[in-house]
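Presented below is the structure to which this report refers.
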Amino acid sequence: LPQGISIYVGKHRSALVRAGGGLATLRTRLQQLTQVMSFTASSITAALSDRVPDGQLGPDARRHLKSSLGYEITFSLLNPDPKSHAVDWDIEDAVNRYVQPVLDKLSLVANFSVDSQILYYAVLGVTPRFDKESSSFLLSAHSLPHVINPVEARLGSSAASLYPVLNFLLYVPERSHSPLYIQDKDGAPVSTNAFHSPRWGGIMVYNVEAPASHQASLPLRVDVDMVRVMEVFLAQLRLLFGLSREELPPEFLLESPGNEGLADWELDCLLWAHAVENIATVSTTLTSLAQLLDKIGNIVIKDDVASEVYRAVASAQSAMAELAAGHLHSAFQASKEAVTSSERAFFDPSLLHLLYFPDDQKFAIYIPLFLPMAVPILLSLAKIAREARQRKKEPTKMD
């Protein structure tokens, strides 16, 4: 190991620890290594963030995407001033070179689909502030949440989607608001000139250099540096999947995962977290289903619904057993099957609670319909009964 480095973490499932300094020092280093590579109480809390009280959550606990069978990724280029800027980005080549290797590695977790679009005359919806000292326009941190809604109304990608949509937006400022920089909470410029929104995606502002001559012909041709853009978007993608690396001590050295974007042990952590979240989701779904069936006594449960419930319970138990044995991939697959079966049972059309009415509601609905018809029928029956009784009382004539 290099001088000053005590712990080296590889991109697969191995690490090297310098053993000098006695057993107490070695124990401390192993605990630090476990915090980085393995599953801790904080990772459990993050995986179950929707079921943990807010007081027990960290500031970034709800940043991670919820577990899903699939995700849709949309890359959007926003050009609010096409009269001034003719923006060209080679998004297809960039996705194939930089994004696809990461998605191939994440394919164990979910299915991914990627698309792209260019939106013209799409503005951020927030007027930036002009700074005289730097002769630039600034977006402060408190104004960034107001940027999302006006832009999202133009995207239109999540309306018909079955899966969560991740939006990555590249915004080329209009000429009248260039250059545009993002400030953090302390008022310092953000180095990447980008920000991300938890469980939604990220936005990067891409400034265009002003032409040297004021008489340059418009629109200016802009070739986007896709390497710089994809570095930011991939970092945001890691944050959304909970793969952010906390500040490590200086004696740590992490091997770069290369084009794959994440190490094998990071993928293990992701599989583990999603398996735990899936098991918790199955538990909540089946509990809600049981409460629904308890409330409606006359509900009819079909055999296929019952088999889905049995399958969900068996798959959840199998997932827990596989997790305990350390078989993460099989545990995650079993947890996915459990989620699918439990949701099929819960959303089965025959179990719709609106199909079943309490008895008092049935009387309230049907009595106004049948009472007007029932009154003359009952009166006629009473008359017939009375006449029959009188006929019996009359003495029979004997010849």
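The values are calculated or read from the model by the stated rules, or taken from the named source; none is laboratory data. Keep in mind the model is a prediction, meaning the values are calculated, not measured. Cβ sites come from the backbone with ideal geometry, for glycine too, and all protein chains shown count toward neighbours. Side chains included, ligands, DNA and RNA excluded: accessible areas come from the protein's heavy atoms. Shrake-Rupley method; radii C 1.70, N 1.55, O 1.52, S 1.80 Å.
Observations on the structure shown:
- Some residue of the range 176-186 being open to solvent by 20 Å² or more (accessible area, probe 1.4 Å), touching a helix residue (DSSP H, G or I) at 6+ places or on another chain (Cβ under 9 Å), small (Gly, Ala, Ser) and assigned by the TED database to the domain that holds residue 222: no
Yes or no, residue by residue, for (1) open to solvent by 60 Å² or more (accessible area, probe 1.4 Å); (2) assigned to a helix (DSSP H, G or I); (3) in contact with a helix residue (DSSP H, G or I) (Cβ under 9 Å, 6 or more places away or on another chain); (4) not hydroxyl-bearing (Ser, Thr, Tyr):
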{"residue": "94", "(1), (2), (3), (4)": "no, yes, yes, yes"}
{"residue": "98", "(1), (2), (3), (4)": "no, yes, yes, no"}
{"residue": "101", "(1), (2), (3), (4)": "no, yes, yes, yes"}
{"residue": "122", "(1), (2), (3), (4)": "no, no, yes, yes"}
{"residue": "126", "(1), (2), (3), (4)": "no, no, yes, yes"}
{"residue": "153", "(1), (2), (3), (4)": "yes, yes, no, yes"}
{"residue": "161", "(1), (2), (3), (4)": "no, no, no, no"}
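- Of the residues making up the range 16-38, those that are surrounded by 15 or more Cβ atoms within 10 Å (Cβ to Cβ) and under 19 Å from residue 267 (Cβ atoms) are 33, 36, 37.
- Residues in the range 187-201 that are crowded, with 17+ Cβ neighbours inside 10 Å and either aliphatic (A, V, I, L, M) or under 15 Å from residue 140 (Cβ atoms) (or both): 3 in all.
- Which listed residue is modelled with pLDDT under 90 and either under 30 Å from residue 330 (Cα atoms) or in contact with a helix residue (DSSP H, G or I) (Cβ under 8 Å, 6 or more places away or on another chain) (or both), from 137, 130: 137
- Checking the stated criteria, residue 46 turns out to be closer than 21 Å to residue 268 by Cα, surrounded by 15 or more Cβ atoms within 10 Å (Cβ to Cβ) and at pLDDT below 75.
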